[in-house]
Structure formats: C-alpha cells, structure tokens
Amino acid sequence: MRLSANSKKKFTPKELDANKGLELGLTDEWLDFAGKAERNGVWLIWGRSFSGKTAFCVRLAKHIASIGWRVCYLSLEDGAGESMRLAFKRECATTVSTRLSLWRDMRLEELIEELKKQRSPQVIIVDSLQYLGINQAGYKKLRSMFPGKLFIFITHANERKEPIGSCANFVRFDAGVKIVVDGFVAYANSRFGGGKPIVIWKEGAERNTIKNKEKLNLKQEEYNEHNSREECEKDAEAIAEGYMEKESDSSDWEVSGDDDGREVCEW
C-alpha cells in the first residue's frame with residue numbers, strides 16, 4: 001500500500017512499515033551518502049564560497065532527475081549566466097533535460113504560484129536561501145502549502161563553517177538531511193542513513209588537504225615556539241626569584257661583637 005505524502009495522519013505500526021513508497025529512491029553513491037531519504041521534506045546544504053557547492057548541487061539535481069523526479073534548480077544568485085551554463089555542462093545535466101529545468105529571478109510569491117500548477121517540479125533546489133529573502137514565517141508557509149514536495153535549500157557559511165542567518169539555522173534544525181560542503185568534499189548528516197562523503201573535485205580536494213596540513217603544521221610550530229618561549233620566561237623568573245630569596249636571606253643577618261671585640265654574624 002502506497003500512502004500519499006499529505007493525506008493520512010494516523011498509522012498503525014504495520015501501515016508505517018508499508019510507507020516505504022515515500023522514499024526518494026536514491027541509488028549508488030547517493031544512497032551511501034544520504035541513505036533512504038524521503039521524497040518530501042527539507043534538505044539544507046551550506047558551505048563557503050568556492051568550496052564546490054554549485055557543482056555538487058547540479059550533480060545532485062541530475063541524479064534525482066535521472067531516477068524519475070521533476071526537478072527545478074532555482075538559481076537566484078547566478079541566474080542563467082555563464083557560471084551556471086558551465087556547471088550544467090560539466091555535470092552533463094543535459095542528459096536529463098526533460099525532467100530538470102533551471103529557473104531564475106523569482107520571489108517567494110512567484111515561486112508559490114509556479115508550484116501550484118499541475119506537473120510542477122516535485123523537487124526544488126533553492127540557490128540560495130539568502131537570495132530568496134524569506135524569514136521563518138515564509139519558510140513555514142512554503143512547507144505547509146507543499147508538504148508533498150522536497151525542498152533543498154542552499155545557504156552561505158561563515159568563517160566557522162556554520163550556516164549564516166537565523167532562518168538558515170532554523171531550517172538546519174528542521175532538515176532531514178544536512179550537508180556541509182568543504183574543500184570540494186560533501187559531508188552528510190542524514191536521518192535516513194548513509195554518511196559516506198562525496199568527492200566533488202578530486203584534484204581540488206587533494207590540494208585542500210595539503211593546504212590544511214600545511215596550516216596545521218604551521219600552527220603546531222607556532223604552538224611549540226610559544227611553549228618554548230614560555231618555558232624560557234618561567235626559567236628566567238625562577239632564577240630571578242631564587243636570587244631575590246638569597247638577597248632577602250642575607251639581609252636578615254645581624255653583625256655584633258663578642259667579648260674579644262671580634263665581629264660575629266647572628267640570625
């Protein structure tokens with residue numbers, strides 16, 4: 001028995017087990033990556049600039065379209081410009097052109113009107129959450145109006161590699177699949193299993209690994225130098241304290257004379 005994404009509200013354990021029809025149906029490396037993810041709900045993808053986010057998302061869009069779903073990539077940052085053209089070309093996205101489309105320059109209300117139409121996309125990749133310009137209320141509205149669709153939001157990340165903005169962080173805690181893209185490698189934290197990283201660009205990932213090792217070695221050298229300097233300073237302080245103690249001890253002596261007129265040191 002296949003249950004719709006938004007009709008049934010009560011389930012027996014047997015009915016819940018039969019609810020497998022709601023799976024997205026990811027295969028190959030994507031199944032290892034995100035597990036048996038559902039065909040509706042929310043994913044969140046974040047990463048810093050030039051980390052490989054766009055290439056990864058186009059590749060993801062292509063795979064989801066290849067397994068039979070209608071997918072739209074809402075390109076609000078780059079539009080339909082040269083960077084997106086090259087990204088689609090590199091990932092051979094034209095092979096699924098009947099089920100994958102690129103949309104641009106849409107605000108929230110326009111997007112809602114498009115998604116109300118028959119045979120509208122079942123999976124919507126929004127690039128980016130910041131450019132869509134929605135708050136938590138707008139996000140909840142979008143989800144409540146289209147519970148049977150899968151929304152994949154892309155967001156920027158800060159220096160600590162965390163999503164930027166209160167809305168992005170709200171979506172992060174709501175998302176069933178959380179993906180961070182760093183150094184041309186994508187890492188997933190999914191409620192549905194998976195967990196194996198996907199290398200977006202092998203050469204770039206190797207360069208990033210070397211760069212990170214160099215940074216780590218430099219930090220280690222700085223740490224060692226700092227500790228060595230601190231030890232020298234502590235040694236100097238200890239020597240100075242010992243000298244002062246000796247000076248203090250000598251100042252406690254008193255000089256007096258004995259019966260024969262000789263000077264004697266007394267404590």
The residue from D174, D78, D105 that alone is crowded, with 17+ Cβ neighbours inside 10 Å and either touching a strand residue (DSSP E or B) at 6+ places or on another chain (Cβ under 6 Å) or among the acidic types (D, E) (or both) is D78
Candidate set: the range 20-51, residues that are part of a strand (DSSP E or B) and not hydrophobic (A, V, I, L, M, F, W, C); chosen: the one surrounded by the most Cβ atoms within 10 Å (Cβ to Cβ) = G47
Among (1) more than 27 Å from C167 (Cα to Cα); (2) hydrophobic (A, V, I, L, M, F, W, C); (3) touching a Leu at 6+ places or on another chain (Cβ under 6 Å) - the single one I134 does not satisfy = (1)
Evaluate the range 181-191: report whether one residue or more is outside any helix (DSSP H, G or I), over 21 Å from S51 (Cα atoms) and modelled with pLDDT of 65 or more.
-> yes
Is one or more of the residues making up the range 121-130 assigned by TED's automatic domain parsing to the domain that holds W43, in contact with a Ser or Thr (Cβ under 9 Å, 6 or more places away or on another chain) and of a type in the set (S, T, Y)?
-> yes
Just a yes or no: is a residue in the range 144-153 surrounded by fewer than 16 Cβ atoms within 10 Å (Cβ to Cβ) and either touching a residue at least 60 places away in the same chain (Cβ under 8 Å) or of a type in the set (D, E, K, R) (or both)?
-> yes
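The values are calculated or read from the model by the stated rules, or taken from the named source; none is laboratory data. Quick caveat, the model's predicted, so the values are computed rather than measured. Cβ: placed from backbone, ideal geometry, glycine included. Neighbour counts: every protein chain shown.
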